[in-house]
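*Asks:* Once you've had a glance at the structure underneath, I'll fire off some questions.
The values are calculated or read from the model by the stated rules, or taken from the named source; none is laboratory data. What you see is a predicted model; the values in this text were computed from it and never measured. Note: ideal-geometry Cβ built from the backbone for every residue, glycine included; neighbour counts use all protein chains shown. Surface accessibility is based on the protein's heavy atoms, side chains included, excluding ligands, DNA and RNA. Shrake-Rupley method; radii C 1.70, N 1.55, O 1.52, S 1.80 Å.
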Amino acid sequence: EAIIRIGEKRGDDNQKAFGYMVLGDSIAISGNRLDKAWEMQQKGAALFLENGNILGWAKTTIGRVGICIEKDAVEDTFAQAATALEFFKRYHHLDLFVRLSYNMMRLLNEIGQFDDALDIFHAAFAVTETLEENREMHLLILYNNAGITYWQKGEFNKACDCLYHAKDMAALLNKGESVNIILTNIAYIESMRGNYNKALDLAHGIIDNSK
């Protein structure tokens, strides 16, 4: 809210829009008051557009994609996100391209459009391979999302392959909790495939990691 107040004092609409976006995202991350989060994100998006700030507007889609299901606004929000994704790619805002991509993957997974989610994964993966900053973190999230997609499709081999890659990225980043969460998901998949001994070995490994 402080950013919004500063923008108001300065008469800087872009700063106000940025403040609305940040406030909306922070409220959404807390998991509470999604109506308020959506209101702030929409207000920021509209204000960016009024001032011709397409980059600012495009950034708002990253957060709005995350809560559009709860607001029953999937179709319109996804269409805007697709436009923003093209903008990020065209003007080489590649970090933002990847961040929006994995939020769009999560949305597509939630609504059951698994092949579309994998199309976005492959495009985002190709871009991520060219990045120098945040590469490992992006790969962790992309591989994890793709693993969930394949899991929901019933393609368990591909799901495990992606999740093991995600686990390796998490280990590289010293994210022990993430490693254990990913290994837990792999254990579930192995048990679904009837590989109970493998699932049990993974469970023991998770316990050992937690000590």
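*Asks:* Which count do you get for residues in segment 93-114 that are modelled with pLDDT of 95 or more and under 18 Å from Leu131 (Cα atoms)?
*Replies:* So the count comes out to 9.
*Asks:* A further question on this structure: Could you tell me which numbered condition Leu139 fails, if it satisfies all but one of (1) closer than 20 Å to Leu108 by Cβ; (2) open to solvent by 40 Å² or more (accessible area, probe 1.4 Å)?
*Replies:* So Leu139 meets the others, but not (2).
*Asks:* Shifting gears a bit: Between a first residue in segment 2-20 that is aliphatic (A, V, I, L, M) and a second residue that is part of a helix (DSSP H, G or I), which pairs have beta carbons less than 6 Å apart while being 6 or more apart in sequence or on different chains?
*Replies:* Ile3/Gly19; Ile4/Lys16; Ile4/Gly19; Ala17/Gly44; Ala17/Leu47; Ala17/Phe48; Ala17/Gly56
*Asks:* In this structure, is Gln15 open to solvent by 30 Å² or more (accessible area, probe 1.4 Å), polar (S, T, N, Q), in contact with a helix residue (DSSP H, G or I) (Cβ under 8 Å, 6 or more places away or on another chain) and closer than 15 Å to Ser101 by Cα?
*Replies:* No.
*Asks:* Also, I was wondering about something else. If the requirement is being out of contact with any His (no Cβ under 8 Å at 6 or more places or on another chain), at pLDDT below 90, surrounded by fewer than 19 Cβ atoms within 10 Å (Cβ to Cβ) and hydrophobic (A, V, I, L, M, F, W, C), which of these qualifies: Ala28, Ala46, Ala2?
*Replies:* Ala2
*Asks:* Now for a different question. Residue by residue through segment 18-64, note down the ones that are touching a Phe, Trp or Tyr at 6+ places or on another chain (Cβ under 8 Å), among the charged types (D, E, K, R) and over 22 Å from Val98 (Cα atoms).
*Replies:* Listed by number, the list holds a single entry, Lys43.
*Asks:* Quick one: in segment 89-120, of everything that is within 21 Å of Lys175 (Cβ to Cβ) and open to solvent by 10 Å² or more (accessible area, probe 1.4 Å), which residue is farthest from the chain's Cα centre (by Cα)?
*Replies:* Asp95
*Asks:* From the set of residues in segment 163-199 that are open to solvent by 80 Å² or more (accessible area, probe 1.4 Å) and under 19 Å from Phe125 (Cβ atoms), which is nearest to the chain's Cα centre (by Cα)?
*Replies:* Top of the filtered list is His165.
*Asks:* Report yes if Glu133 is open to solvent by 70 Å² or more (accessible area, probe 1.4 Å) and closer than 17 Å to Arg99 by Cβ, otherwise no.
*Replies:* Spelling it out, Glu133 is indeed open to solvent by 70 Å² or more (accessible area, probe 1.4 Å) and closer than 17 Å to Arg99 by Cβ.
*Asks:* Another question about this same structure. Can you tell me which condition Leu202 does not meet? The list is (1) touching a residue at least 40 places away in the same chain (Cβ under 8 Å); (2) buried (at least 17 other Cβ atoms within 10 Å of the Cβ), and all the others hold.
*Replies:* Looking at each condition in turn, Leu202 falls short on (1).
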